[in-house]
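Read through the structure below, which is laid out as structure tokens, and then see the notes.
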Amino acid sequence: MAGVTIAAVQKWFGGTHVIRGVDIAIDDGEFCVLVGPSGCGKSTLLRMIAGLEEIGEGTIAIGGRVVNDVAPKERDIAMVFQNYALYPHMTVRDNLSFALMLAKQPKQEIAARVARAADILGLKELLDRYPRQLSGGQRQRVAMGRAIVRNPQVFLFDEPLSNLDAKLRVQMRTEIRELHQRLKTTSIYVTHDQIEAMTMADRIVVMRDGLVEQQGAPLELYDTPANTFVAGFIGSPAMNMVPGTVRAGGAVEFEGGVRLPLPADARADEGQRVLFGIRPEHCAPSNEGLPADVVVVEPTGADTQLYCRFGGQDFTAVVRDRTDVAPGERVMLRPDLKRSHLFDASTGRRLAA
């Protein structure tokens, strides 16, 4: 196992600057998730770690060794791809053992590693099948098994669950997390799905336009987002952002003259244009607060989501108890000021006391 250090890394595709000075230090044994919208540079960064893309500037080190000019096969990494990348004419057993055969490992060693991987991933009964005879989840297990047998210093996952249905994705992300807890191999995982990031990561790195917007533990990003982009990207449903103006006496005034006290840990200047951020699950119906018109009610069983409009924009609240609120009604929604946030309207930066 080994840590991975990404220092001042940049990348251009022609005249397009796709990675713009990224610094990330991933500890030995850590599960790090790179998350962000399509085109943010996360997959390009992963491919540079793997050696599949050249580094424009900066350095990437694996286990303290700078690998900028090291061939992919000599970096001691194993990559799991989105499309599984299995050899269709080979059995599961042969797919698992192929890289070890190329490395001219002893047959006994190959058999032992394949057996271990098959045991870990529940593939024992599938070793003599071909990829076409497997389900999507089984193929993904084979792809992970092929990485495990190599016993690498670092696992790289490039959106490995995006081709699976919703139920299987939930199952597989649990299996991948359990696998990491068992093997304790440094892992870097790319996804655009923030739920995967929140549930799997030791550390999340949120990227946008080739830059790191924020990195930290999942709950750190959820509780103290650095800006409106991170606040809106992490958490589902997304955080509500209500434009307002700071007034004297520590209040925010919204459209229509509605006022709320500043969030508990926020500070802003009088007259400053701000965005009041509150997560749907931290906003409850009450006798006071924000008057919102209910548009759609979605009961999910465990909770009820109220899609409303306040001040001319969409506003979502998640009610943990059953409710008889109906579309067309007006409700008062009271934000939890201890869990609310304040952002500068022009820069998007969080305004903390």
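I'd like the residue in region 319-340 that is under 29 Å from the mean Cα position of the chain (by Cα) and in a strand (DSSP E or B) and, out of all such residues, is surrounded by the fewest Cβ atoms within 10 Å (Cβ to Cβ).
For region 319-340, the residue satisfying everything is Val319.
So which residues in region 244-261 are open to solvent by less than 30 Å² (accessible area, probe 1.4 Å) and either free of Cβ contacts under 8 Å to residues at least 24 places away in the same chain or small (Gly, Ala, Ser) (or both)?
Result: Gly244, Ala251.
Could you name every one of the strands (runs of 3 or more DSSP E) located completely within region 1-74 that has at least 1 residues being of a type in the set (Gly, Ala, Ser) and in contact (Cβ under 8 Å) with a residue 12 or more places away in the chain?
The qualifying strands (runs of 3 or more DSSP E) are 4-13, 16-26, 57-62.
I need the full set of residues from region 14-38 which are within 22 Å of Val80 (Cβ to Cβ) and out of contact with any helix residue (DSSP H, G or I) (no Cβ under 8 Å at 6 or more places or on another chain), in order please.
Ile24, Ile26, Asp27, Asp28, Gly29, Glu30, Cys32, Ser38, listed by residue number.
Looking at Arg203, Arg208, Arg177, can you tell me which residue is at pLDDT 90 or above, open to solvent by 10 Å² or more (accessible area, probe 1.4 Å), within 22 Å of Ile77 (Cβ to Cβ) and touching a Cys at 6+ places or on another chain (Cβ under 6 Å)?
Selected residue: Arg203, the only one of Arg203, Arg208, Arg177 that is at pLDDT 90 or above, open to solvent by 10 Å² or more (accessible area, probe 1.4 Å), within 22 Å of Ile77 (Cβ to Cβ) and touching a Cys at 6+ places or on another chain (Cβ under 6 Å).
If I filter region 342-353 down to residues being exposed (fewer than 15 other Cβ atoms within 10 Å of the Cβ) and not in a loop (DSSP other than H, G, I, E, B), which single residue comes out as modelled with the highest pLDDT?
In this case the residue turns out to be Arg349.
From the list Gly63, Gly29, Gly122, pick out the single residue that is small (Gly, Ala, Ser), more than 24 Å from Gly210 (Cα to Cα) and in contact with a Ser or Thr (Cβ under 8 Å, 6 or more places away or on another chain).
Of Gly63, Gly29, Gly122, the one residue that is small (Gly, Ala, Ser), more than 24 Å from Gly210 (Cα to Cα) and in contact with a Ser or Thr (Cβ under 8 Å, 6 or more places away or on another chain) is Gly29.
Every residue, every condition in (1) under 29 Å from Ala117 (Cα atoms); (2) buried (at least 18 other Cβ atoms within 10 Å of the Cβ), yes or no:
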site: Gln171; (1), (2): yes, no
site: Thr186; (1), (2): yes, yes
site: His192; (1), (2): yes, yes
site: Glu196; (1), (2): yes, yes
site: Thr199; (1), (2): yes, no
site: Val212; (1), (2): no, yes
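List the residue pairs whose Cβ atoms are under 8 Å apart, where the first residue sits in region 336-347 and is more than 22 Å from Ala317 (Cα to Cα), the second is outside any strand (DSSP E or B) and of a type in the set (A, V, I, L, M), and the two are 6 or more positions apart or on different chains.
From region 336-347, the pairs are Asp344/Ala268; Asp344/Leu351.
Before we move on, is Ala317 of a type in the set (A, V, I, L, M, F, W, C), out of contact with any Gly (no Cβ under 7 Å at 6 or more places or on another chain) and either in contact (Cβ under 8 Å) with a residue 24 or more places away in the chain or on the phi < 0 side of the Ramachandran plot (or both)?
So Ala317 fits the description; yes.
Give me a count of the residues in region 259-285 that are at pLDDT below 90, in contact with a Lys or Arg (Cβ under 7 Å, 6 or more places away or on another chain) and either of a type in the set (D, E, K, R) or more than 10 Å from Leu342 (Cα to Cα) (or both).
Number satisfying all stated conditions: 1.
Quick check on my filter: what residues within region 149-168 are buried (at least 19 other Cβ atoms within 10 Å of the Cβ) and free of Cβ contacts under 8 Å to residues at least 40 places away in the same chain?
Leu161
Met207 - would you say it is under 11 Å from the mean Cα position of the chain (by Cα) and in contact (Cβ under 8 Å) with a residue 60 or more places away in the chain?
yes
Do you know which residues across region 5-57 are over 20 Å from the mean Cα position of the chain (by Cα) and polar (S, T, N, Q)?
Of everything in region 5-57, those that are over 20 Å from the mean Cα position of the chain (by Cα) and polar (S, T, N, Q) turn out to be Gln10, Thr16.
When you scan region 263-318 for strands (runs of 3 or more DSSP E) that lie fully inside it, which ones turn up with 3 or more residues that are over 22 Å from Gly348 (Cα atoms)?
On the way: elements: 273-278, 283-286, 290-299, 304-310.
Answer list for region 263-318: 283-286, 290-299, 304-310.
Can you find, within region 262-308, the residue that is most open to solvent (accessible area, probe 1.4 Å) among those that are in contact with a Cys (Cβ under 7 Å, 6 or more places away or on another chain) and of a type in the set (A, V, I, L, M)?
The initial filter retains those residues of region 262-308 that are in contact with a Cys (Cβ under 7 Å, 6 or more places away or on another chain), namely 292-295.
Now drop any that are not of a type in the set (A, V, I, L, M), which leaves 292, 294-295.
Working: Ala292: 1, Val294: 7, Val295: 62 Å².
Going through the qualifying residues, I end up with Val295.
From the list Arg320, Arg339, Arg330, pick out the single residue that is over 19 Å from Pro243 (Cβ atoms), at pLDDT below 90 and basic (Lys, Arg).
Arg320
Any chance you could count how many residues in region 66-94 are over 28 Å from Leu127 (Cα atoms), open to solvent by 30 Å² or more (accessible area, probe 1.4 Å) and within 27 Å of the chain's Cα centre (by Cα)?
Of the residues in region 66-94, 2 are over 28 Å from Leu127 (Cα atoms), open to solvent by 30 Å² or more (accessible area, probe 1.4 Å) and within 27 Å of the chain's Cα centre (by Cα).
The values are calculated or read from the model by the stated rules, or taken from the named source; none is laboratory data. All figures in this text were calculated on a predicted structure; none of them were measured in a lab. Reconstructed Cβ throughout: ideal geometry from the backbone, glycine too, with neighbour counts over all protein chains shown. Note: accessible area is taken over every heavy atom of the protein model, side chains too, but ligands, DNA and RNA are not part of it. Shrake-Rupley method; radii C 1.70, N 1.55, O 1.52, S 1.80 Å.
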